[in-house]
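Asks: What follows is a single structure, and I will ask about it in a moment.
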Amino acid sequence: MGKFFLVIFTILIAVCLFVSPALAYRITLVGEVNDNQQLVADNEIYDIDSNAVGDDLVINYIAQKVKVVGVLRDTRENKIIQVESFEVVEE
């Protein structure tokens with residue numbers, strides 16, 4: 001009986017560890033970078049996560065229309081995108 005509960009407990013821990021990455025998913029957005037280091041696309045505001053590509057985007061492409069590919073994490077307070085790549089879109 002003790003082994004049974006140990007197996008169930010181990011499975012529950014494994015499920016909990018794998019659920020949170022499943023809540024993040026890859027997305028492509030087209031929008032404009034504002035001066036608050038955010039991407040505004042489809043009337044939604046996305047905070048840009050700090051990494052090399054995201055930092056380049058928010059420093060060098062403010063007020064430009066860009067196509068961004070990244071991983072979106074939706075928290076209760078805001079939407080955060082970790083930028084994997086981007087390109088400037090001609091208007």
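The values are calculated or read from the model by the stated rules, or taken from the named source; none is laboratory data. Being a predicted model, the structure only gives us computed values, none of them experimental. Cβ: placed from backbone, ideal geometry, glycine included. Neighbour counts: every protein chain shown. Accessible surface is based on the protein model in full, side chains and every heavy atom, while ligands, DNA and RNA are left aside. Shrake-Rupley method; radii C 1.70, N 1.55, O 1.52, S 1.80 Å.
Asks: Can you give the accessible area per residue of the range 41-91, in Å², using a 1.4 Å probe? Present the calculation step by step, with values, prior to reporting the outcome.
Replies: On the way: 3290 Å² over 51 residues.
Solvent-accessible surface per residue comes out at 65 Å².
Asks: Let me ask something else. Leaving ligands, DNA and RNA out of it, report the carbon-plus-sulfur percent of the accessible area of the chain at a 1.4 Å probe.
Replies: On the way: 3790 of 6610 Å².
Its accessible area is 57 percent carbon and sulfur atoms.
Asks: Find how much the distance from Gln37 to Glu90 grows on full extension, using 0.36 nm per residue of separation minus their present alpha carbon separation; answer in nm with one decimal. Write down the numbers at each step before the final one.
Replies: On the way: separation 53, 0.36 × 53 = 19.08 nm, distance 2.05 nm.
Going from the current span to full extension adds 17.0 nm.
Asks: Next up: Multiply the residue separation of Asp74 and Arg26 by 0.36 nm, subtract the distance between their alpha-carbon atoms, and state the gained length in nm to one decimal.
Replies: Working: separation 48, 0.36 × 48 = 17.28 nm, distance 1.17 nm.
Once the chain is fully extended between Asp74 and Arg26, it gains 16.1 nm.
Asks: Of Thr10, Asn36, Gln64, which is farthest on the positive side of the dipole of the chain, counting Cα position, with +1 on Lys and Arg Cβ, -1 on Asp and Glu Cβ, and the Cα centre as origin?
Replies: Projecting each Cα onto the dipole axis, the largest value belongs to Thr10.
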